[in-house]
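*Asks:* Got a structure here, written out as structure tokens. Questions coming.
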Amino acid sequence: MDLNTDVIAGVEAELKANLGTSVRIRDARSMSGGSINDAWSLETSAGRFFLKTNAADRHPSRFVAEAADLALLASTNELRTPKVIATGEAAGTAWLLLEFHIAKTWTSDADAELGRGLAKQHRHSQPHFGLDRDNWIGLLPQDNTPASDWATFLVQHRLAPLIRMARDHQRIGDGDVLRFERLYAVIPDLIPHERPALLHGDLWHGNALYTADGVVVVDPAAYYGHREMDVAMAGLFGGIGPGLLDAYNNEWPMEPGWEGRIDLCRLYPLLVHLNLFGGGYAAQVSAALRKYV
């Protein structure tokens, strides 16, 4: 077992506190699929659990923020999330313990279930865009400072910080930097006004599982934003079919002209990937940007 013994002790203690009985970890198997954290399947005397670990000083507060994001989404009772058991830290390792879900093949039924649930989740609102705390999207910190209108929030707390980061690391050309400056001025006229919607925030196909219990969403970067952001990202990297949009529109129709705004809403996740991975994402950002300015 490669999992640190101090982490094992901490997890067992939290399981005992939650379940009211002593629990022993019988086996910890490393799982593939994550590029940021180490993932483990824990076989215990109380059943199977899922554990994420990472160096505690690498991304302070990441798992605490993720646990809070999952709890926020779970509070709506619209889309299922894995139950948070506990977060902790031991021997320089931070960890997040969740209930375990076994994924099966994604289907058109999963598309429809995700679309319906997402539309219902988006009806949960608050007065301001943003959140009362910051969190993370991938490896990047996410600034959720509240704003009263979506255009201001999108520019100041989503697009502009990532453009500065990409420019500083020479991952975006000067021409596109200037195009973004022009885009900022016209965004208020491009996106229809709507109340803030509770977003998953990082809804690509790898963060939606189809399980025996239905669709389960994981790894959120939650905040209150414009609902088109989630729907646009859901189709960005494939894996989620067009049935999601059909089911979403049956539950809560998108505003007219949605199709023409999809690439505008994809600029933020594309900029996240540009800053994390570079490469071909610069061309994708540029192509999407040139549709508007």
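Here, each number is a calculation from the coordinates, and none is a lab measurement. A quick note: this is a predicted structure, and the numbers were derived from the prediction, not measured. Every residue, glycine among them, receives a Cβ derived from its backbone with ideal geometry; neighbour counts consider all protein chains shown.
*Asks:* Student exercise: in the chain, how many lysine pairs 8 or more apart or on different chains have Cα atoms under 27 Å apart? Before the final figure, lay out the partial values.
*Replies:* On the way: K16/K52; K16/K83; K52/K83; K52/K104; K83/K104; K83/K120; K104/K120.
Here the count comes out as 7.
*Asks:* Go ahead and estimate [θ] at 222 nm for the chain from helices alone: -39,500 (n - 2.57) per DSSP H run with n ≥ 4, summed, over the residue count, rounded to 500.
*Replies:* One gets -12000 deg cm²/dmol as the mean residue ellipticity at 222 nm.
*Asks:* Rounded to whole Å, give me the distance from the Cα center of the stretch 123-157 to that of the stretch 4-72.
*Replies:* 28
*Asks:* Kirkwood Rh and Cα-based Rg: tell me the resulting Rg over Rh for the stretch 1-85, rounded to two decimals. Walk me through the numbers on the way to the answer.
*Replies:* Numbers: Rg = 13.6 Å, Rh = 14.1 Å.
Answer for the stretch 1-85: 0.97.
*Asks:* What list do you get for F129, F100, F277 if you sort them by fewest beta carbons within 10 Å?
*Replies:* F277, F100, F129
*Asks:* Using only Cα atoms, what is the ratio of the radius of gyration of the stretch 45-175 to 2.2 N^0.38 Å?
*Replies:* 1.28
*Asks:* Given H placed 1.01 Å from N in the peptide plane, which residues other than close sequence neighbours of T211 have an amide H under 5 Å from its amide H?
*Replies:* K104, V216
*Asks:* Could you sort the peptides 4-13, 151-160, 220-229 by per-residue average Cβ neighbour count (10 Å cutoff), highest mean leading? Intermediate values should be presented prior to the final figure.
*Replies:* Details: 4-13: 17.4, 151-160: 19.3, 220-229: 25.1.
Per-residue Cβ counts within 10 Å, averaged per peptide and sorted highest first, yield 220-229, 151-160, 4-13.
*Asks:* If you don't mind, another one. Read phi for every residue in the stretch 195-207 and hand back ³J(HN,Hα) as whole Hz from Karplus 6.51 cos²θ - 1.76 cosθ + 1.60, θ = phi - 60°, with x for Gly and Pro.
*Replies:* Values, residue by residue: 5, x, 10, 6, 9, 5, x, 8, 8, 9, 5, x, 9 Hz.
*Asks:* What percentages make up the Cα-Cα pair-distance distribution of the chain when the bins are 5 Å wide from 0?
*Replies:* It works out to 1, 5, 11, 15, 17, 16, 13, 10, 6, 3, 2, 0, 0, in whole percents.
*Asks:* For helix 267-277, what angle does its Cα long axis make with the longest principal axis of the chain, in degrees from 0 to 90 and rounded to 10?
*Replies:* 60
*Asks:* If amide H atoms are built 1.01 Å from N in the plane of the peptide, which residues on other chains or at least 5 residues away come under 5 Å of the amide H of F100?
*Replies:* HN-HN under 5 Å from F100: F50.
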